[in-house]
1. How about the stretch 114-142: which of its residues are open to solvent by less than 40 Å² (accessible area, probe 1.4 Å) and at pLDDT below 75?
2. Exactly one condition in (1) outside any helix (DSSP H, G or I); (2) of a type in the set (A, V, I, L, M); (3) under 15 Å from Gly338 (Cβ atoms) is false for Ile265; which is it?
3. Within the stretch 104-112, is even one residue modelled with pLDDT under 90, assigned to a loop (DSSP other than H, G, I, E, B) and either within 27 Å of the chain's Cα centre (by Cα) or closer than 14 Å to Leu8 by Cβ (or both)?
4. So which residues in the stretch 551-574 are assigned to a loop (DSSP other than H, G, I, E, B) and open to solvent by 70 Å² or more (accessible area, probe 1.4 Å), if there are any at all?
5. For the stretch 178-237, which fully contained strands (runs of 3 or more DSSP E) count at least 3 residues that are open to solvent by 60 Å² or more (accessible area, probe 1.4 Å)?
6. Looking at the stretch 529-545, which of its residues are open to solvent by 30 Å² or more (accessible area, probe 1.4 Å), assigned to a loop (DSSP other than H, G, I, E, B) and either closer than 19 Å to Asp511 by Cβ or not charged (D, E, K, R) (or both)?
7. State yes or no: is Pro445 in contact with a Pro (Cβ under 8 Å, 6 or more places away or on another chain) and touching a residue at least 12 places away in the same chain (Cβ under 8 Å)?
Amino acid sequence: MSDLLSRLHSFSQSYSIKYSGKENLQPTLDRLVQQQSFKVILSELIEQPVFSKDFGQQFASLGAVEGIAPSRLLRGSLNLALGHFLTLFAQLVESLSGGSRGTDSARHVAGEGALDIGQWRALADGVLEDDDIKDIKLITYLTSIVSDAATVSYYSGLRERLVIDNPHAIYPTSGYRESDGSVVSTSDNLTSEAVMSFSTFATIRTVDDSLNCGNNVLRDIYKPLGRCVCLIDENVETIYGREISTYFEHHNISLEKLVYRAMEIDKGIDTVESMLGDFKRCGVSRNEPILIIGGGVLSDTGGLASALYGRNTPYVMLSTSIVTGIDAGPSPRTCCDGFGYKNLLGAYHPPVVSITDRFFFKSLSEGWLRHGIAEIIKMAVVKNLTLFEQLESANAALISTRFGTKDCNDNDAIQTQSQAILGGALKSYIEAEYDNLYETHQCRPHAYGHTWSPGFEIEAGLLHGHAVAIGMGLGAYLSHQAGWITENELFRILKLMSDFGLSLWHDILEDQNVMEASHAKIIEKRGGNLVAPLPRGGIGSCGYLNDLSAVDLCAAIPLYKSMCATFPRDGRGVEPLCSDVGLESPSTVAAVS
């Protein structure tokens with residue numbers, strides 16, 4: 001890995017592209033690929049163990065995290081179109097040169113004679129604007145177009161070797177994934193045992209103003225592909241449709257919009273089937289990430305459609321709500337409702353890129369913001385004490401300023417607080433979620449607040465965030481009862497949620513039948529165990545309560561109610577119901593009850 005970084009630096013410094021315009025494009029490319037140093041660096045990119053833990057950690061140690069994704073995709077360099085290859089290479093060079101957000105460590109790698117970022121971007125953009133060459137695969141260029149016979153012979157031989165030694169590098173279905181396996185058999189081959197493994201990678205980013213034409217995040221993904229097939233929430237299209245179209249028009253990227261209503265009632269298999277039909281009509285390829293712009297319902301249904309189409313089609317998630325941005329968006333759990341049950345049908349299929357842009361929050365009502373903040377509190381209580389303290393500090397200003405996007409100045413503290421809170425919530429969430437991608441065990445800290453709430457959320461007509469907050473409050477009380485957290489820590493948890501106007505209490509908790517049924521259903525869902533994640537050993541740490549009967553749960557509820565009564569509004573939330581924010585009450589939608 002260190003060899004790759006040093007060779008990249010040496011190559012980028014020693015080789016001058018001297019690209020001066022379209023008329024100089026072909027000679028520039030020919031000189032580039034015939035360089036011995038180019039052959040060496042390309043070989044390094046192809047042979048890197050891109051899915052190993054050390055690979056990412058070494059980039060991180062240099063402050064060049066933004067170079068990890070392009071490096072991983074460049075393993076398939078030979079299979080990439082020239083425009084795509086050069087765009088990724090330019091991104092890699094930028095990350096090692098410090099880029100726009102690089103650190104002193106990254107600049108140290110670049111040395112005093114910093115890498116010439118501009119020359120690589122200029123060449124990539126020149127190729128992308130040349131219709132005659134931009135879509136030619138690198139391996140085709142190296143074996144069929146380059147005039148130098150020795151270069152053609154070398155790469156022809158490399159192609160044949162990789163078919164045997166590293167097929168992911170020459171003929172990948174999607175550069176984001178790889179698989180492996182092993183088989184042992186009896187001597188007569190009548191019985192075999194197999195182990196299969198699957199690796200994927202994802203980029204999770206908080207990005208400000210992603211639809212600003214000067215922001216290249218989406219442009220760099222879709223410009224090399226020449227188009228973008230985009231699933232978009234009907235409400236988002238109404239508010240941001242013109243901005244979305246303008247962005248892609250500005251970058252000369254063909255945009256195919258597939259607009260869907262995305263209410264909870266639309267979360268059925270018929271919606272997924274309709275999306276699949278649209279993908280077929282558009283001719284979506286398995287190496288072409290679909291763009292999904294919207295909230296939780298669209299991320300669930302669109303993600304599931306992507307998983308089903310071609311059995312594994314990548315997608316990019318641009319989240320427009322808080323719940324989606326820090327939870328449902330990067331989540332690998334795609335789903336839809338079925339046979340009268342919520343989220344019964346699904347697949348584990350995380351987005352290859354997940355983007356959380358707080359600038360979308362400025363159009364959200366306070367009720368939607370409050371409901372989304374519950375998912376951030378969830379991660380703070382069981383995983384991240386620093387995040388919890390940041391939430392205490394920012395408090396209601398997060399809501400009034402829409403995470404620093406409204407009625408505040410650029411230098412106000414809420415700006416940096418908002419970014420830190422979103423970043424901390426995302427990191428905590430994906431650490432928990434991606435370490436257990438296929439939910440093969442139930443020690444899941446991010447399920448805090450979700451143990452009993454699924455059993456009463458719909459019947460009570462609660463917004464998801466308020467139902468989760470009630471579940472968190474009750475869970476924190478049970479944790480205190482078990483001696484896992486102090487009274488002061490319990491108070492801080494309840495106060496934080498109350499200060500944001502979230503619910504600590506709803507009378508549905510007093511319905512013994514509902515609570516007993518909720519308790520039984522979650523044990524069934526979790527493979528015969530309760531395994532309720534709760535704060536343990538202090539705020540920011542997690543433990544799992546397994547030995548709790550339905551009788552003990554119901555006995556604790558009156559005591560919890562008495563504690564809730566000491567908080568404003570007797571622990572009741574502000575606009576806690578779906579109907580309070582203009583949604584149909586889920587309790588009236590029998591199909592998903």
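The values are calculated or read from the model by the stated rules, or taken from the named source; none is laboratory data. Just so we're clear, the structure is a prediction, and the values are computed from it rather than from any experiment. Cβ placement follows ideal geometry from the backbone for every residue including glycine, while neighbour counts extend to all protein chains displayed. Please note that ligands, DNA and RNA were not included when accessible areas were found on the heavy atoms of the full protein model with its side chains. Shrake-Rupley method; radii C 1.70, N 1.55, O 1.52, S 1.80 Å.
1. Once the filter is applied, which keeps residues that are open to solvent by less than 40 Å² (accessible area, probe 1.4 Å) and at pLDDT below 75, the stretch 114-142 yields only Leu115.
2. Ile265 satisfies all of (1) outside any helix (DSSP H, G or I); (2) of a type in the set (A, V, I, L, M); (3) under 15 Å from Gly338 (Cβ atoms) except (1).
3. Looking only at the stretch 104-112, we keep the residues that are modelled with pLDDT under 90, and these are 104-112.
Next cut, assigned to a loop (DSSP other than H, G, I, E, B) only: 111-112.
If we keep only those that are either within 27 Å of the chain's Cα centre (by Cα) or closer than 14 Å to Leu8 by Cβ (or both) too, we end up with 111.
Yes, because at least one residue in the stretch 104-112 is modelled with pLDDT under 90, assigned to a loop (DSSP other than H, G, I, E, B) and either within 27 Å of the chain's Cα centre (by Cα) or closer than 14 Å to Leu8 by Cβ (or both).
4. Of all residues in the stretch 551-574, those assigned to a loop (DSSP other than H, G, I, E, B) come to 565-567, 572-574.
If the condition is that a residue be assigned to a loop (DSSP other than H, G, I, E, B) and open to solvent by 70 Å² or more (accessible area, probe 1.4 Å), then Thr566, Arg572 are the ones that fit.
5. Values: elements: 192-200, 203-206, 227-233.
The qualifying strands (runs of 3 or more DSSP E) are 192-200.
6. Within the stretch 529-545, the subset open to solvent by 30 Å² or more (accessible area, probe 1.4 Å) is 529, 536-537, 541-542, 544.
Now restrict to residues that are assigned to a loop (DSSP other than H, G, I, E, B): 529, 536-537, 541.
Matches in the stretch 529-545: Asn529, Gly537, Ser541.
7. Numbers: in contact with a Pro (Cβ under 8 Å, 6 or more places away or on another chain): yes; touching a residue at least 12 places away in the same chain (Cβ under 8 Å): yes.
In short, yes.
Results for (1) in contact with a Pro (Cβ under 9 Å, 6 or more places away or on another chain); (2) more than 24 Å from Leu534 (Cα to Cα); (3) open to solvent by 40 Å² or more (accessible area, probe 1.4 Å), shown as yes or no for each residue.
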{"residue": "Ile355", "(1), (2), (3)": "no, yes, no"}
{"residue": "Phe361", "(1), (2), (3)": "no, yes, no"}
{"residue": "Ser400", "(1), (2), (3)": "no, yes, yes"}
{"residue": "Asn411", "(1), (2), (3)": "no, yes, yes"}
{"residue": "Ala425", "(1), (2), (3)": "no, no, no"}
